[in-house]
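Take a look at the structure set out below.
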Amino acid sequence: MKVLVMVKQVPDTATKIQIRGDGHGIVEDGIKWVINPYDEFAIEEALRIREKMGGETVIVTLGPKRVDEAVRQALAMGADRAVVVESEETLDPSQVAHALAKVAHDEGFDLILMGKQAVDDDAAQVGPMLAARLGLPQVTVVIHLDVDESQKRLRAERELEGATEIVELPFPAIVTAQRGLNEPRYPTLPNIMKAKKKEVKRIPLGSLGVDDTPRIRVMNLIPPPERPAPTILTGDPEETAKKLVQLLHDQAKVI
């Protein structure tokens, strides 16, 4: 079974972000870049499917030269090979989906896995847009996945607010992973060494014929407001409780 895993490299969530002077992006100097955490669940799920059913796990990513680090990590986790769409441009979700659809069409696949969203822009659009581009069924925010290869069907449990939903669909299909789907493995030293010899195919973005007209334009980025200093209540418990209720009512507006 051939599974493509779409991977994005994002700033580490522990990194302190600074906005560029023009307000149109972030300062990238000194940032630690990592695999999007939700994509790690997708990688792990693809590896588990291959271990059960055989086949191939292929990493597909798009970005500048620095994405090589994310690719090598994914290969060290156990993926078989990778395809990198080389682009120094910042693309919007529609353009990314267009490029990934071109690669997926050329590669061929039984299943596409990816994270439910990227933690840098939180757009959660590439998965559904990719499904639309390829004309495939999709299921998002998946926390459990069963694959019936003989019947070419998937049974997915997806997370809703306060509930879960069971979805059955045929494959080829696109599945976006939510936290809880699995526990991603750590690369072992032998696999890190093997990753250096695995195939990485490079494709210039310009060769894919992707529409270079963005659908989304960033007008301005601003940092979130500073959080006010916390209020610490001490003293007699009864009086403290009364003061707390008053603050929750007057300031927090929650009661």
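Within the range 143-187, restricting attention to residues that are of a type in the set (Gly, Ala, Ser) and within 22 Å of the chain's Cα centre (by Cα), the residue that is farthest from GLU45 (Cα to Cα) is ALA173. Counting residues in the range 217-236 that are under 30 Å from ASP106 (Cα atoms) and of a type outside the set (S, T, N, Q) gives one or more. If you go through the range 91-120 and keep only what is under 10 Å from the mean Cα position of the chain (by Cα) and surrounded by fewer than 19 Cβ atoms within 10 Å (Cβ to Cβ), you end up with VAL119, ASP120. When residues in the range 96-144 are screened for being in contact with a helix residue (DSSP H, G or I) (Cβ under 6 Å, 6 or more places away or on another chain), touching a residue at least 60 places away in the same chain (Cβ under 8 Å) and part of a strand (DSSP E or B), 3 of them pass. One residue stands out in the range 159-184 among those that are modelled with pLDDT under 95 and among the charged types (D, E, K, R): the one that is surrounded by the most Cβ atoms within 10 Å (Cβ to Cβ), namely GLU159.
For the range 170-200, residues that are in contact with a helix residue (DSSP H, G or I) (Cβ under 9 Å, 6 or more places away or on another chain) and assigned to a strand (DSSP E or B) total 5. The residue of the range 49-65 that is surrounded by the most Cβ atoms within 10 Å (Cβ to Cβ), among those that are among the β-branched types (Val, Ile, Thr) and part of a strand (DSSP E or B), is ILE59.
The values are calculated or read from the model by the stated rules, or taken from the named source; none is laboratory data. Treat the numbers as computed from the prediction; the structure is a model and nothing was measured. All Cβ positions, glycine included, derive from the backbone under ideal geometry; neighbour counts span all protein chains shown.
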